[in-house]
1. Which value at 222 nm does the chain reach when only helices count, each DSSP H run of 4 or more adding -39,500 (n - 2.57), with the total divided by all residues and rounded to the nearest 500 deg cm²/dmol?
2. Under the 0.36 nm per residue contour assumption, what length would be gained going from the current alpha-carbon distance of Asp4 and Arg155 to full extension?
3. In whole Å and largest first, what semi-axes does the C-alpha gyration tensor of the range 1-113 yield when each eigenvalue is scaled by 5 and square-rooted?
4. Over 24 Å between C-alpha atoms is what I'm after, so list which of Lys128/Lys197; Lys93/Lys128; Lys43/Lys197 land there.
5. When the chain is fully extended, how far beyond the present Cα-Cα distance does Asp34 get from Gln67, taking 0.36 nm per residue of separation?
6. Taking only the C-alpha atoms, wrap a convex hull around the range 3-232 and report its volume per residue in Å³ as a whole number.
7. Hey, what do the phi angles of the range 115-126 turn into as Karplus ³J(HN,Hα) couplings, whole Hz, using 6.51/-1.76/1.60 and θ = phi - 60°, x for Gly and Pro?
8. What is the log10 of I(q)/I(0) for the range 116-165, computed with the Debye formula using one identical point scatterer on each Cα and no solvent, at q = 0.14 Å⁻¹?
Amino acid sequence: MTSDEALRIRIADNLARVRQRMADAAHRAGRPVDSIRLLGVTKYSSLLETRLLFEAGCHDLAESRPQDLWDKAKELTSPDLRWHFIGHMQRNKVRRTLPLLHLLHSLDSERLLLELENETAKLNRKLKVLLEINISGDESKTGLAPASVEMILDRVLETPHLELCGFMGMAGLGTDNDSARPCFERLRQLRDTLQTKYPTLQLGELSMGMSGDFEAAIEAGSTMIRVGSALFE
Ligand SMILES: *Cc1c(COP(=O)(O)O)cnc(C)c1O
């Protein structure tokens, strides 16, 4: 067996294991497993590893740096591949990244909102976005403070080229299911409250859960989990 073959088998095994963990968590929560999408986070992975994950059947891939997304998107060109962006987006990287994206998870400021609206209007296309919310309460974490979300929602109502689909949140570094659960519950509740207050918006998507805590996220209502290390270990 070549080393590429061994790597292919390892990644396929990891994917099967993650999908089984998803199915178990969905079952415990009484949810259909196909209501949760698995995103493979490839930020620490080589092009070969990324390709093998895609070929194993994970068609949603996520990057956190524009340059890495550009580089991989150039090499992996299947029409079945959907790219997600989950990191901090600098405004000067927007123009080149936009055309590649299926969903941007990390809209976290009014300035970025205006830049995205400008550039999507120029390209005459729409962009699906999630608002990234700081649910950990940790000042050093990225994302909007929950108190400033309504201000951004008011602006989103005025940006015809951006299609807001819901929220993204991170529990914090090195959290496990038990320590992350209250953060995920808070984000779900915030979404439910704002959905009632803004009935014309569709806030159905909740992007939450990573390798160490995605079971708790699924039990709290996650619709997209972002998994890196568990797929490539
Ligand atoms: C790196 C990263 C992940 C994946 O983390 P793992 O613990 O490797 O699964 C998920 N979401 C974001 C925003 C990340 O930066």
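1. Numbers: 9 runs with 103 residues, N = 233.
Calculated mean residue ellipticity at 222 nm is -13500 deg cm²/dmol.
2. Numbers: separation 151, 0.36 × 151 = 54.36 nm, distance 4.86 nm.
Using 0.36 nm per residue and subtracting the Cα-Cα distance, I get 49.5 nm.
3. Details: eigenvalues 140, 86, 22 Å².
Sorted largest first and rounded, they come to 26, 21, 10 Å.
4. Long pairs (Cα-Cα over 24 Å): Lys43/Lys197.
5. 8.8 nm
6. On the way: hull volume 28.0 nm³, N = 230.
Expressed per residue, the convex hull around the Cα atoms of the range 3-232 is 122 Å³.
7. Listing the rounded values in order: 4, 5, 5, 4, 6, 5, 4, 4, 7, 6, 9, 10 Hz.
8. Cα-only, vacuum Debye calculation for the range 116-165: -0.42.
Read the figures in this text as sums done on the coordinates, not as results from a lab. Just so it is clear, the model here is predicted, and its values are computed rather than measured. Cβ: placed from backbone, ideal geometry, glycine included. Neighbour counts: every protein chain shown.
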